[in-house]
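What follows is a set of notes on a single structure, which appears directly below.
Values quoted throughout were computed directly from the atomic coordinates according to the rules given, and no laboratory measurement underlies them. Given the structure is predicted, the values throughout are model-derived calculations rather than measurements. FYI the Cβ positions are ideal-geometry reconstructions off the backbone, even for glycines, and counts take in every protein chain you see.
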């Protein structure tokens, strides 16, 4: 089955808009996208059998990975198969092993090359001082057009929340255009459940509005999503994270 989601996920979109995007943010948004799609499931396990021992947040595989982008599959490879759950501490540890302490390898090795292959970004060698050089990434004409399209959709999405119930057609158009990149629109994050309900065909007045079918947002516990955000940051900071502030380390050139 072909993926119902646009080819670019939120991590790829983030890097297309800013090739020097924070690597930590790209990893977190890729995991969040997999949760939104239902490919991953968030859960909890007790830290110990002792009273007041607390609980660990966990991630486990919950569905087929057909809807995952290439970058998301690279992150998904960290999660155990066979129905096993991994604690977020273990996930962060394994992500560090795969991509480096600040996850800089994720955009550098997975996202930027993919965007270059798609013809959306082009690498350029920039010389700094006499003996130093780095690779910066600039949007191609196709990349500039895609940036403009995405920014336009994101601006439309920011205006949706006060009018969701009356603006189902606009919600359909925005989600069809952005897919899980709607996660980059902070104004929509509290409204994902409401948005999903509006996208169901039975919510259409008098049968109008059309049916997104499998592209409909999956069932999602927003509380679990919010808890994942905080727990991921805590696991990263607890392991001595350095933030991965300049994306892939040699990316750049975003306009």
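Structure notes:
- Label-to-label distance, nm, for residues given as residue 109 and residue 194 (7 Å Cα→Cβ offset): 4.2
- Pairwise FRET efficiency - residue 126 versus residue 73, Cβ, R0 = 35 Å, nearest 0.05: 0.70
- Whole-percent pair-distance distribution, where bins are 5 Å wide, for the alpha carbons of segment 11-117: 2, 13, 22, 22, 18, 11, 6, 3, 2, 1, 0
- Segment residue 134..residue 164, full-extension length gain: 6.3 nm, with 0.36 nm per residue of separation and the alpha-carbon distance subtracted.
- Residues 154, 14, sorted so that the one with the fewest Cβ neighbours within 10 Å comes first: 154, 14
- Of every Cα-Cα pair in segment 112-165, the percent that sits beyond 12 Å: 72
- Per-selection metrics, segment 80-181 (Cα): Rg and Dmax in Å: 19.5, 60
- Cβ-based exposure ranking for 163, 131, 236, 103, in which fewest neighbours within 10 Å come first: 131, 163, 236, 103
- Neighbour counts of other Cβ atoms within 10 Å put 56, 124 in the fewest-to-most order 124, 56.
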